[in-house]
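S.K.: Have a look at this one before I ask anything.
The values are calculated or read from the model by the stated rules, or taken from the named source; none is laboratory data. Because the structure is a prediction, the values reported are computed rather than measured. Backbone-built Cβ (ideal geometry, glycine too); neighbour counts: all protein chains shown. Heavy atoms of the whole protein, side chains included, go into the accessibility calculation; ligands, DNA and RNA do not. Shrake-Rupley method; radii C 1.70, N 1.55, O 1.52, S 1.80 Å.
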Amino acid sequence: VRGGAFVALLGALAFTRIDAGSAEGWPAFLALVIGVGLGFVGAPTMGSMYRTLPPPLVPQGSSVLYMLNQLGASVGIAAVTLIMDVAGDGDPLAGIRAVAWFAAGSITVILMTAVLLPGRPDPVDVPAAPLSEAAPERERR
């Protein structure tokens, strides 16, 4: 999670340097870097959430997570639109840079809170069956 957030943060900070003279490929490349970095954040974060839930509560946790994703997407779009309008004030590049700074700030919060995620679960020791018991079972098949 921290590695992905760090990559996304680097992409967002580089995005703040885009100007009218930048080649067209740079914004697309930096958006890809941010997306890949955040892709490495989402799956482990959700996996840690599911790992901490008792098995009977996983369906409810899945429903809550889906609703929070939908709410976050709606609020995020509204926030980006507001930032573009207020910070841009007629200059689209200024609005884009302000959104990139907002993204960098949000990703910094992700980096700081990533240490609170539970780590990997302890491995479960499974006793191995002795070879003498395993051989007759194979022969019965």
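S.K.: Can you give the charge dipole size of the chain about its Cα centre, rounded to the nearest 20 debye, using +1 on the beta carbon of Lys and Arg and -1 on the beta carbon of Asp and Glu?
M.R.: Working: 8 positive and 10 negative charges, 64 e Å.
Around 300 debye, computed over the chain.
S.K.: Of all accessible surface on the stretch 1-44 at a 1.4 Å probe, what whole percent is carbon and sulfur?
M.R.: On the way: 1840 of 2540 Å².
That fraction is 72 percent.
S.K.: Tell me which of Ala31, Gly21, Gly42 sits at the most positive position along the dipole axis of the chain, charges placed on C-beta atoms (Lys, Arg +1; Asp, Glu -1).
M.R.: The listed residue farthest towards the positive side: Gly42.
S.K.: Here's something else I'd like to know. As a test of the formula, what do you get for the chain when each DSSP H run with n ≥ 4 contributes -39,500 (n - 2.57) and the sum is divided by the residue count, at 222 nm and rounded to the nearest 500 deg cm²/dmol?
M.R.: -26000 deg cm²/dmol
S.K.: Something else about it: Residue farthest toward the positive end of the dipole of the stretch 37-128, with Cβ of Lys/Arg at +1 and Asp/Glu at -1: which of Ile77, Ala104, Leu65?
M.R.: My answer, from the dipole projection, is Leu65.
S.K.: First compute the accessible area of the stretch 51-125 with a 1.4 Å probe, then give the percent of it belonging to carbon and sulfur atoms.
M.R.: C and S atoms contribute 69 percent here.
S.K.: Compute the Kirkwood hydrodynamic radius of the chain, taking the inverse of the mean of 1/r over all pairs of distinct Cα atoms, and give it in Å to one decimal.
M.R.: 18.5 Å
S.K.: Same structure, new question: What do you reckon, how do Tyr66, Tyr50 stack up by accessible area (1.4 Å probe), largest on top?
M.R.: Ranked from most to least accessible, the order is Tyr66, Tyr50.
S.K.: Could you compute how much accessible surface Thr81 exposes when probed at 1.4 Å, giving the result in Å² to the nearest 10?
M.R.: 80 Å²
S.K.: With every protein chain left in place and a probe of 1.4 Å, what is the accessible surface of Leu30, to the nearest 10 Å²?
M.R.: 20 Å²
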